[in-house]
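Each remark here refers to the structure printed beneath this line.
The values are calculated or read from the model by the stated rules, or taken from the named source; none is laboratory data. All values reported here derive from a predicted model rather than from experimental measurement. Here the Cβ positions follow ideal geometry from the backbone for every residue, glycine too, while neighbour counts run over all protein chains shown. Accessible surface is based on the protein model in full, side chains and every heavy atom, while ligands, DNA and RNA are left aside. Shrake-Rupley method; radii C 1.70, N 1.55, O 1.52, S 1.80 Å.
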Amino acid sequence: MLNFSIALIECIDLGFTYMPGTPLTSEALRNINLSVEEGEFIAFIGPTGSGKSTLIQHFNGLLTPTEGKAVFKGKQIGVNIHPYEVRREVGLVFQFPESQLFEETVAEDVSFGPRNLGLSGEEVSERAEEALELVGLSYDRFAGRSPFELSGGEQRLVAIAGVLAMKPRMLVLDEPTSGLDARGKARVMRCLTELNRDGMTIVFVSHDMDEVAEFAHRVVVLDKGRIVFDGDPGTVFSQAGVLKNIGLNIPATTELLVKLSGRGFDLDTGAVSLRETVNLVCNALKGEQRL
Ligand SMILES: Nc1ncnc2c1ncn2[C@@H]1O[C@H](COP(=O)(O)OP(=O)(O)OP(=O)(O)O)[C@@H](O)[C@H]1O
Ligand SMILES: [Mg+2]
C-alpha cells in the first residue's frame, strides 16, 4: 500500500547565512536535507558553532532559510503557511529558558501563552494545570509560588510547561539539560520521554553523548553547517573515529563495548543504552562469548 503520510518538518536544500551581503556575513547552514516524522525523538549533536541552534529555529519559522526551504506538513513556511501558525504547533524551548520567566507566580507564567491566545479564564487555568502536571510539578504545590524561588531544575520545568501550555504537537528544545545537576537532567529527560510516549514529536540539541545514547531514537550530526550523519544511535556512534575527528565524544557505553570487543569479547558494539550495555557486558563476562 502506498504511504501518503506527510512529514511534520522537511528541510529541502536549506541554507542559512547570517547578515548576508554585509562584511559580517557568516554562513551557518548549507545543503540541509532532512525530514522529521510525527512521533520521532531526535537528538541534534555537533561541535560548537556547527549550526544546531540555527537549524532548529527553522522548524518553527523563527528563522527563514536564505536558500532552499523549510516545510511544515507539506506547506512551505513563510510561503504557504504563516510562521505564526507553525509556532502554534511547534513549540520552541530556547537554551536557559528560565531566564525568560517573569511573572509573579508559576501559574501566571505558565498561563501567559494560552492567555494571549484569547482563551477563556477557565481554559487558561486548565491548560496551566495540565502543563505543570505534564512536567511533573504538582499544580497545588507550585502554582502560587514565585518562579524565582524555585531550584534551577524546577525553573527549567516551569519554562517547558509554559511552552506545553500552548499544546504544540512538536517540541523543539535547545540544550534542555545544560547547567542542571544529574537529578535535574534526569527529570527533564524523563519528562521528554513521557511526552514522546504519549505521541509528541521531540527534537532536542545536546552536548551530552550519554544522554543522547540513552534517550534519542535518531541522531543527526552536524559539522560546519552540514549534516554528516543521520541515523539510529547505534549506527551513528559506531563511527567513533569520525566523531572524534570533528571534536565529539562517544557515549561511555559505546566506549566500553568497543574496548571489550578489542580485547576479544564477542559483543554488539552498536548497543547504546545503559540497560542493553549492562546486559551485554554481564553475558560476555560469563565467559562463553570470549573468542
Ligand atoms: N546572531 C548571529 N549572528 C551572526 N552569526 C551567528 C549568529 N548566531 C550564530 N552565528 C554563527 O552561525 C554559526 C552556527 O551557530 P549556532 O549557534 O547555530 O551553532 P551551535 O551548533 O548551536 O553551537 P553551540 O553548540 O555553541 O550552541 C556559528 O559560526 C556562529 O558564529
Ligand atoms: Mg547552540
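Among the residues that make up region 89-112, is at least one of them within 16 Å of ligand 1 (Cβ to nearest atom), farther than 29 Å from Gly179 by Cβ and open to solvent by less than 70 Å² (accessible area, probe 1.4 Å)? Scanning region 89-112, I find no residue that is within 16 Å of ligand 1 (Cβ to nearest atom), farther than 29 Å from Gly179 by Cβ and open to solvent by less than 70 Å² (accessible area, probe 1.4 Å), so the answer is no. Candidates are the residues of region 48-76 that are open to solvent by less than 30 Å² (accessible area, probe 1.4 Å) and assigned to a strand (DSSP E or B); the one that is nearest to ligand 1 (Cβ to nearest atom) is Ala70. Is region 187-195 home to any residue that is in a helix (DSSP H, G or I), away from ligand 1 (no atom under 16 Å from the Cβ), assigned by TED's automatic domain parsing to the domain that holds Phe215 and in contact with a Ser or Thr (Cβ under 7 Å, 6 or more places away or on another chain)? Checked against the condition, which is being in a helix (DSSP H, G or I), away from ligand 1 (no atom under 16 Å from the Cβ), assigned by TED's automatic domain parsing to the domain that holds Phe215 and in contact with a Ser or Thr (Cβ under 7 Å, 6 or more places away or on another chain), region 187-195 yields at least one hit.
Summed over region 35-47, the residues that are within 15 Å of ligand 1 (Cβ to nearest atom) and either more than 17 Å from Glu211 (Cβ to Cβ) or not in a strand (DSSP E or B) (or both) give a count of 2. Do the conditions hold for Thr201, that is, is it crowded, with 18+ Cβ neighbours inside 10 Å, out of contact with any Cys (no Cβ under 9 Å at 6 or more places or on another chain), without any contact (Cβ under 8 Å) to a residue 40 or more places away in the chain and more than 19 Å from Gly247 (Cα to Cα)? So Thr201 fails the test. Only one entry of Ala271, Ala240, Ala284 meets the criterion of being closer than 19 Å to Pro47 by Cα and modelled with pLDDT under 90, and that entry is Ala240.
Within region 232-272, the residues that satisfy the criterion of being touching a Phe, Trp or Tyr at 6+ places or on another chain (Cβ under 8 Å), surrounded by 16 or more Cβ atoms within 10 Å (Cβ to Cβ), farther than 18 Å from Cys282 by Cβ and of a type in the set (A, V, I, L, M) are Val236, Leu243, Ile250.
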